[in-house]
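Working notes, beginning with the structure itself.
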Amino acid sequence: MPESDTLTTVKPPFDVDKIRADFPVLSQKVHGKPLVYLDNAATTQKPRRVIEKVRQFDSEEYGTVRRGSYKLSEHATQMFEDVRQKVAGLFNAADKKEIIFTSGTTQAINLVAYSFGKAFVKEGDEIIISNIEHHANTVPWQVLCEDKGAHLKVIPVNDRGELIMEEYKKLLSSKTRMVSVNHVSNALGTVNPIKEITRLAHEAGAKVLIDGAQSTPHLKIDVQDIDCDFYTFSGHKMYGPSGVGGLYGKYDVLKEMPPYVTGGDMIRQVTIEKTLYADPPARFEAGTPAISQVMGLGEAVDYIQEIGLDKIAEYEHALLEYGTRVLSEIDGLNIIGTAAHKASILSFHIDVIHPHDVVTLLDQDGIAVRGGHHCAQPTMQRFGVSATTRASASFYNKFEELDALAASVRRAIKLFS
Amino acid sequence: MSYDNELYQQVILDHNKKPRNFREMPEATHSCHGFNPLCGDDYTVYLKINAEDVIEEVSFMGSGCAISKASSSLMTGFLKGRKVDESKEIFEEFHKMVLGEMDPETQEHHLGKLALFKGIREFPSRIKCASLPWHSMMGALAKSENVTTE
């Protein structure tokens, strides 16, 4: 395999071993073999400084936010708002008030579907999603359409897993209220042309939500350049804690939207007769938030920005190309999702082995990958499979780990042949 | 270099590749569709039971992983010719074994070669794969159209 060998000589733009040393979990053995963690599309591991930040905050600085007028609380509030500013910086939002903390992407999309839908979607209107969405960007819109008598339209994909833009254009009309698509498909790795999608939707008078759960830690994102109305993200997919994530929304759009969850913190004044709601972002942040997790998220943002998202994208692309090469050389293995623009996700199907058997056998070699429908059953249906095996690489993965993946897959195929 | 586990033994691999009694049964008196929504294992189990409560014929159709397919194949071979009550008792023993509540090495049982599934207890996420056809068989006896495991 001379070509594969050539690729290993691509020099990473940073010291991968040094980065690996930042992640305590990566040094362990599984079934006596070094852990090869390739399930980053499901959730990423945490660098020591994120773990340490949460521990240190809880040990020394914890207090409630936006309420107390004593030192601990005021300090915690300041730190909490500093993280909001950091997140705004990560996405190049115009103002930190455009960042709303949620439990993650699922809650962020539900927030928009419920709140925007309540105010602006009526009977006969249309919502457009794509055929390669996560269930979190499918079910909330189905529920909204059912409630309102609106219709869900789906952008089809070609055999490479790319959105068919000509078909998208045909779906757009004056009835379209919202176009909601992912930036990167979690099941296939396709990077969608979101700037073009947004421009076309705006021409039709629709708003745009971009599900960024899968893209945030892997690509440089500029919401002002994309011009989308909403962008969502999850902390646990960007080297931060689980249970925290968020929503970017254009302020002009957010301020016209009613609350999603109601209660404390989201009000201006409550009397028994009537409640005046707070302005965004507080309007959408009822209840005590995940304070400690937000601190960890802020540390994760610093960490990936210090490494540099350009460098991360460059190296992960090299991993994608290498992984594609070594897996393509295996007889009986088909990669599903071969878009021209892809993130480092390798979804594949093996003729003779079901994905769940692949996962169990790879686990015996210390390799963690995902087998299943990846919460994207319509995507699986489009490609005529019930499930795939998915390996997803991060900047802490090495070319050698992809060799180990390919060797383990070959061994599994041999057992089943 | 062999895999250090008891899960993918030759018998299981063989039944996965060449499943026995793998056919629809139009003359079935009982059948049940079993589905695991988490992993997509999807089988229908067919039974033909006579007036003496004996399972005269048993077959299955569907798709899924090697463990579920081999378990279905071995189950059908094992239950053919057995009484309904006896089959229910065997289900109980099999279920206890895969959950790790019964050790066929040290405890008395009636599972015969089905005991080879005992290794599944080391793989908690795969227990449902082995037990799905058994739940489907029980569903068929109870005249249920569908059973799910998750």
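The values are calculated or read from the model by the stated rules, or taken from the named source; none is laboratory data. Quick caveat: nothing in here was measured; it's all calculated off a predicted structure. Neighbour counts are summed over all protein chains in view; Cβ atoms, including those assigned to glycine, are modelled from backbone coordinates with ideal geometry.
Structure summary
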item	result
Residue in the range A:31-41 that is loosely packed, with under 14 Cβ neighbours inside 10 Å and modelled with pLDDT of 95 or more present	no
Residue count for the range B:52-101, restricted to those that are within 14 Å of chain A (Cβ to nearest Cβ) and surrounded by 24 or more Cβ atoms within 10 Å (Cβ to Cβ)	9
Residue within the range A:305-313 that is on the phi > 0 side of the Ramachandran plot, modelled with pLDDT under 95 and assigned to a loop (DSSP other than H, G, I, E, B) present	no
Test: A:GLN293 is part of a helix (DSSP H, G or I), closer than 30 Å to A:VAL65 by Cα and in the same structural domain as A:ASP222 (by TED's automatic domain parsing)	yes
Where A:ALA286 falls short, out of the listed (1) modelled with pLDDT of 95 or more; (2) under 24 Å from the mean Cα position of the chain (by Cα); (3) surrounded by fewer than 22 Cβ atoms within 10 Å (Cβ to Cβ)	(1)
All positions within the range A:159-173 that are more than 12 Å from A:ASN192 (Cα to Cα), without any contact (Cβ under 8 Å) to a residue 40 or more places away in the chain and surrounded by 12 or more Cβ atoms within 10 Å (Cβ to Cβ)	A:GLU167, A:LYS169
Tally, over the range B:1-33, of residues that are closer than 17 Å to B:SER125 by Cα and either among the aliphatic types (A, V, I, L, M) or more than 8 Å from every other protein chain (Cβ to nearest Cβ) (or both)	2
One residue from B:LEU7, B:LEU13, B:LEU47 being surrounded by fewer than 17 Cβ atoms within 10 Å (Cβ to Cβ) and in contact with a helix residue (DSSP H, G or I) (Cβ under 8 Å, 6 or more places away or on another chain)	B:LEU13
